[in-house]
1. Can you find, within region 124-150, the residue that is farthest from the chain's Cα centre (by Cα) among those that are of a type in the set (A, V, I, L, M, F, W, C) and closer than 19 Å to Met34 by Cα?
2. Can you tell me which residues in region 56-70 are part of a loop (DSSP other than H, G, I, E, B) and farther than 15 Å from Glu162 by Cα?
3. Considering each of Asp106, Asp116 in turn, give the residue that is surrounded by fewer than 17 Cβ atoms within 10 Å (Cβ to Cβ) and over 18 Å from Asp49 (Cα atoms).
4. Does Lys43 satisfy the criteria of being modelled with pLDDT of 95 or more and out of contact with any Phe, Trp or Tyr (no Cβ under 7 Å at 6 or more places or on another chain)?
5. Taking only region 57-87 into account, find how many residues are closer than 19 Å to Leu130 by Cβ and not β-branched (Val, Ile, Thr).
6. Within region 58-103, work out how many residues are surrounded by fewer than 17 Cβ atoms within 10 Å (Cβ to Cβ), within 10 Å of the chain's Cα centre (by Cα) and not hydroxyl-bearing (Ser, Thr, Tyr).
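The values are calculated or read from the model by the stated rules, or taken from the named source; none is laboratory data. Here the structure is a predicted model, which is why all the values come from computation and not from measurement. Positions of Cβ are generated from backbone atoms using ideal geometry, with glycine treated the same way; all protein chains shown enter the neighbour counts.
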Amino acid sequence: MEENLKDEKEKLIKDKIIKQEIQEMMQLKGIKQMVWDTLTLEKGYKIDDIIVDPQFNIEIDKKPISVSIDFAVEINSLKTIIIRCTSSALESWERYIIAFSRAVEDYQIPFAVITDGENAKILDTINNKLLGNKLSELFNRETALTLIKDYKRISYNPERLEREKRIIYAFEAIKCPVVKPEK
């Protein structure tokens, strides 16, 4: 009898966790759609400029690791903006997005955004400046072209690069897992 109660309790907890994760995934899909619409319909970015769920490879202790972000905006062969969508506190992802911008390419990606679809942290990662707090404040494609006109592909400090990769790796480990309900 006691064993059955324990099994029932575990099943209820597991079902609740799965339900919460599905709810969060649905919310995240909505946020991603809002970002896509903002980029293409409001800010004038071309569909070909936007890479959805791009994968990047980094190396930690000589081991290759694949990491991803929700969006990368690439203009004139330069990854210009990376975007992380989240339904949790934006501040909690700020260090991750900065590390990501510094370490996933052989140059620093100049702009990074964390957003919940409305609120945002729009960051100039090279100059360590906050450019805006709302997704609507993200610059349009024309402004992006002006901002990157004279951009020099600058690598991040090699002595600090390993730390940035470890930060990315740590955050990758806590991203929401995809849990499929048992059949």
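1. Phe139
2. Of everything in region 56-70, those that are part of a loop (DSSP other than H, G, I, E, B) and farther than 15 Å from Glu162 by Cα turn out to be Ile69, Asp70.
3. The unique qualifying residue is Asp106.
4. Yes: the conditions hold for Lys43.
5. Number of matching residues: 2.
6. Residues that pass the stated criteria total 1.
Table: residues versus (1) more than 20 Å from Arg95 (Cβ to Cβ); (2) touching a helix residue (DSSP H, G or I) at 6+ places or on another chain (Cβ under 9 Å); (3) free of Cβ contacts under 8 Å to residues at least 40 places away in the same chain; (4) of a type in the set (Ser, Thr, Tyr).
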site	(1), (2), (3), (4)
Ile126	no, yes, yes, no
Lys129	no, no, yes, no
Gly132	no, no, yes, no
Glu142	yes, no, no, no
Tyr151	yes, no, no, yes
Glu159	no, no, yes, no
Glu164	no, yes, no, no
Glu172	no, yes, no, no
